[in-house]
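S.K.: Sharing a structure below in C-alpha cells format, with a few things to ask.
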Amino acid sequence: MKNKVLILNFGGQYGMLIARRVRENNVYCELLPFNTPIKKIKEFNPSAIIFTGGPNSVYAENSPKPDDSVFSLGIPIFGICYGCQLIAERFGGKVESVSAIFHREYGKTQTFFDVNNELFSGLPEKSITWMSHGDEITVLPDGFTAIAHSKHCPFAAIYDKKRKIYGVQFHPEVTHTVFGKEILKNFLFNTARLTPDWTMESFIEKSVKEIKEKVGDGKVLLALSGGVDSSVSAALIGKAIGKNLTCVFVDHGLMRLDEGNEIEQVFSNRGINFIRINAEDRFLSALKGVVEPERKRKIIGEQFIRVFEEVGKQIGKVDFLAQGTIYPDVIESGTGVAETIKSHHNVGGLPSAISFKEIIEPLRLLFKDEVRALGRELELPEYMVNRQPFPGPGLAIRVIGEITKEKLDILRKADAIFRDETEKAKVKNVSQYFAVLTNMRSVGVMGDGRTYEYAVALRSVSTEDFMTCVWTKIPYRVLEKVSSRIVNEVKGVNRVLYDVTGKPPATVEYE
Ligand code: XMP
C-alpha cells in the first residue's frame, strides 16, 4: 500500500503548512530536515517526497542539498520553489537571480497551465498562483518540459515524465494559489497514486495497539490539566490500557467557572483511575501576598511538582509518564528561544518530579486540528475538544496583583459572561478571549450611591501561532451586552475596559 509522504524541509516558511495540506488529503506525512540521512529516509519508507521552499540560492556555496540518493529511490518527487530550483540544478539546468534576467514576480500571479498534464488535470487553463522567489530557472535540464508559465516566468512548473519528478515555482500550499489544493491532490493521487488511509479512526486503532504493546502491564501516570492535548491523550491511553492509567488532575483553585467539575465529570466515568486533588488552599496560601508575575509562576510550578511527588508516592512505582506533546512542538523543538519573556508552566511536563522509566507521547505526530478530530472520535464533549488555550498557572496570571479567593470569584463570573456572550454572538476569527481582573479600583455611581470597585479588562485576540497576535474587533453591540451584564451581575465590578493592544508590544496574558 502506498501511503506515506516525506517532506524535506529546506527552511521555507511553509513547511508545516505543506504537511497540513497533505494530511488534509488523508495521507500521512512527516516533515524532516533537508539533510536527513538516506538510511533514515529508507526506514521511513515514503512513497513520494516533497521538497519545501527555502531562503537560499541553489547556486550559493553551502546551500542546503538533500542526500543525493533520494533521486535514486525511484519514487515521485515534487519540488516547491527552492525545491523546484534544486531539481533543475541537480539535473543539469540553470538557476539564476531574477534581477539578472526577468522582471521580479512577487505575489498573486496569473499563471497558464498545461491542463493535459496530470498535475493540472481538472484545472482551468489559467489561474492565480502565489509566487515568492528571488531566483528562477533559466535553462531547463534535459528530460524536463515546462508545463506552466506566467508572463515573466517561462518555467513556472517543470516535469520529467520518466522519473516522475515535478517542480513548481509557485506555492500551491498557500491559499492565495487558487487551485493549490487541487494541484497537490493531483500529485498525491494521480502521480504518486497514494492511498488516502490516514484517518483518526485508523490512528486510534494503530495507537491503541502500540500503547498496549509498549506498556504491557505497566502503570502510566498522566497529569491532566483539562486542556485539549492532555484530555485527548488521557482518552486515547485510557482506551488502550484502562485502569493501568492514572490521571491526576490538580485543581489549584485557579480554574475558570465550573471547569474543575466539568473535567471530573468527563473523566470519572471512563474506566480509568481519575484522581482529583483539591489543592486550592495549598496554592492560595503559597501565593498569599505575592504580586510579582514571575514569582507567581514559579510558586505554582513548584507546588505542582510537590503535589505530584506526593501522589507518585501513593501510587507506587510508575513505569511511564504520559505527555501531551504534539507535532508542532516536535518540529519546533531545538529552535531555542532568545529571551525568557515569561516562564511558561505546563502541567504536562513534570519529568523531574516523579521517578519513571519512560515517557509516552501518543500525540507527538498530530497537528492541533487532528488532535481535536481525534478527541471527537474518542467521544470527548465538544467544549473540551474546542477549548481555547488556558495557561498552566490559570487565573493567577489574570488577577493582577495579590491573589485572593474573593478576587478569583469576581474574575470567574466576569470571564464566564464574556465567554458566554462571545460564543452566543458567534464572533468570527477569535483565537482566545478572556477577562482579566485589573488591580485598579475606580469611582462609579450605581443607583444613587457612590461605588469604589474593580475594573475588569476584556482581552480577545486573533492569531495563527500565539507568537504574535492582533486584538479582535468584537462588535460594539456584543461588548455593550458584556459590559452591562458584568456590572449588573458581578458584585465588586463597576467598570469594564476593552484591550486594544496587539502582541507585540503586549503579550496575550497580562502577567
Ligand atoms: P503570552 O502571554 O506569552 O501567551 O503572549 C501566548 C499563549 O500562551 C499561553 N500561555 C501559557 N500556556 N503555560 C501555558 O500552558 C503558561 O505558563 C502560559 N502562559 C501563557 C497564553 O494563554 C497564550 O495562548
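Every number in this text was worked out from the coordinates using simple rules, so none of it is lab data. Since the structure is predicted, the reported quantities are computational estimates derived from the model, not experimental observations. Neighbour counts run over all protein chains shown; Cβ positions are idealised from the backbone, glycine included.
S.K.: Filter the trypsin sites (Lys or Arg not before Pro) in the stretch 96-196 down to the DSSP loop ones having no more than 15 other Cβ atoms within 10 Å, then list what survives.
M.R.: Here the trypsin sites (Lys or Arg not before Pro) that fit, given the DSSP loop and packing criteria, are 104, 151, 161, 162, 193.
S.K.: So, with +1 on the Cβ of K and R and -1 on the Cβ of D and E, and no other charges, what is the size of the charge dipole of the chain about its Cα centre, to the nearest 20 debye?
M.R.: It comes to approximately 360 debye.
S.K.: Most exposed first by the Cβ proxy, i.e. fewest other Cβ within 10 Å, how do 380, 140, 254 rank?
M.R.: By the 10 Å Cβ count, ascending: 140, 380, 254.
S.K.: What GluC sites (Glu not before Pro) does the stretch 35-122 have in DSSP loop regions with at most 16 other beta carbons within 10 Å?
M.R.: Sites meeting the loop and neighbour criteria: 61.
S.K.: Listing 307, 139, 461 from the residue with the fewest other Cβ atoms within 10 Å to the one with the most, what is the order?
M.R.: The order, fewest Cβ neighbours first, is 139, 307, 461.
S.K.: Roughly speaking, what is the centre-to-centre gap between the stretch 5-19 and the stretch 139-215 when only Cα atoms are used, to the nearest Å?
M.R.: 11
S.K.: Turning to a different aspect of this structure: Please give me the summed charge of the neighbours of residue 14: other residues whose Cβ is under 11 Å from its Cβ, Lys and Arg +1, Asp and Glu -1.
M.R.: +1
S.K.: Now for a separate question. Within the stretch 213-291, report the GluC sites (Glu not before Pro) that DSSP leaves as loop and that have at most 12 other Cβ atoms within 10 Å.
M.R.: none
S.K.: First select every other residue whose beta carbon is under 14 angstrom from the beta carbon of residue 452; then total the charges, Lys and Arg +1, Asp and Glu -1.
M.R.: Overall, the nearby charge balance is +3.
S.K.: How much length is gained if the chain between residue 201 and residue 359 is pulled fully straight, taking 0.36 nm per residue apart and subtracting their Cα-Cα distance, in nm to one decimal?
M.R.: Gain in length upon complete extension: 54.5 nm.
S.K.: Would you kindly state the longest site-free stretch of the chain, with sites defined as chymotrypsin sites (Phe, Trp or Tyr not before Pro) in a DSSP loop (not H, G, I, E, B) surrounded by at most 13 other Cβ atoms within 10 Å?
M.R.: Segment 60-465 is the longest.
S.K.: Quick one: net charge around residue 180, please, counting Lys, Arg +1 and Asp, Glu -1 for every other residue with C-beta under 13 Å from its C-beta.
M.R.: +2
S.K.: Going by a ≥ b ≥ c, the root eigenvalues of the Cα gyration tensor, does the stretch 110-152 fall in the rounded group (a/c under 1.5), the prolate group (a/b larger than b/c) or the oblate group?
M.R.: Oblate.
S.K.: Next question. For an R0 of 41 angstrom, estimate the FRET efficiency from the Cβ-Cβ distance between residue 386 and residue 67 and round to the nearest 0.05.
M.R.: With a Förster radius of 41 Å, E is 0.50.
S.K.: Arranged by the count of other C-beta atoms within 10 angstrom, fewest first, what order do 8, 236 take?
M.R.: 236, 8
S.K.: With a/c under 1.5 counting as rounded, go ahead and sort the stretch 418-511 into rounded, prolate or oblate using the C-alpha gyration tensor (a ≥ b ≥ c being the square roots of the eigenvalues; past the cut-off, prolate if a/b is larger than b/c, else oblate).
M.R.: Judged from the Cα gyration tensor, the stretch 418-511 comes out oblate (a/c at least 1.5, b/c at or above a/b).
S.K.: Assign one of three labels to the stretch 58-116, namely rounded, prolate or oblate, based on the Cα gyration tensor with a ≥ b ≥ c the square roots of its eigenvalues; rounded applies when a/c is under 1.5, prolate when it is not and a/b is larger than b/c, and oblate otherwise.
M.R.: In terms of gyration-tensor shape, oblate.
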